[in-house]
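The values are calculated or read from the model by the stated rules, or taken from the named source; none is laboratory data. None of these values were measured; they are calculated from a predicted model. A quick note on method: Cβ atoms are made from the backbone with ideal geometry, for glycine too, and the neighbour counts reach across all protein chains shown. Remember, those area values only see protein heavy atoms, side chains included, never the ligands or the DNA or RNA. Shrake-Rupley method; radii C 1.70, N 1.55, O 1.52, S 1.80 Å.
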Amino acid sequence: MRTILNIIWLVLSGFWMACGYVLAGLLLCVTIIGIPFGIASFRIAGFALWPFGRTAVPRRDAGAASCVGNVLWLILAGWWLALGHIVTGVLLCVTIIGIPLGVANFKLIPISLTPLGHDIVPTDRPFAAR
């Protein structure tokens, strides 16, 4: 079932959202200061491309630097990407078949707003973070 949902997700919203994350990552990697944010954006692009069967868990070793980084991320790119998830989620929830995909879009909003300090792990091992 995960594979079917991931394929439908990829066609309807996953590809476009992943492109948004890759574009944000490329723009952030232009400066040396933005490289960690760009890497986080590329990591989330893979999650946005194929989300079913994976989840984001907080890292235990995330400290104050990830908190400050998340504030900068929110200002630079996070709210744009969250807005993309909101619009896509609402559009997908218009149809009955799209409701699970819309809900998945809404579940990606927190990670799009604060990606630093989280790991993406399989759902069958949610505590297998590094």
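Data table
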quantity	calculated
Percent RCO, i.e. relative contact order, over the chain, from Cα pairs under 8 Å lying at least 6 residues apart	29
Percent accessible area from carbon and sulfur atoms, the chain, protein chains only, probe 1.4 Å	77
For the chain: accessible area per residue (Å², 1.4 Å)	58
Neighbour-limited loop hits for trypsin sites (Lys or Arg not before Pro), region 51-109 (at most 15 other Cβ within 10 Å; DSSP other than H, G, I, E, B)	Arg59, Arg60
Max mean-square fluctuation residue, GNM over the chain, Cα-Cα springs under 10 Å, options Ile86, Ile75, Ile120	Ile75
Length added when fully stretched, Ile99-Leu10, from 0.36 nm per residue minus Cα-Cα	30.6 nm
Per-q log10 I(q)/I(0), region 64-130, q = 0.17, 0.28, 0.29 Å⁻¹ (Debye; single scatterer per alpha-carbon; no solvent)	-0.71, -1.05, -1.08
Per DSSP, loop chymotrypsin sites (Phe, Trp or Tyr not before Pro) in region 1-95 with at most 11 further Cβ within 10 Å	none
Simple spin-label estimate for Ala62 and Leu23 in nanometres, 7 Å along Cα-Cβ	2.6
Rg ratio (alpha-carbon, reference 2.2 N^0.38 Å) - region 3-70	1.25
Inter-probe distance in nm under a simple model that places probes 7 Å from Cα toward Cβ, at Thr31 and Asp124	4.4
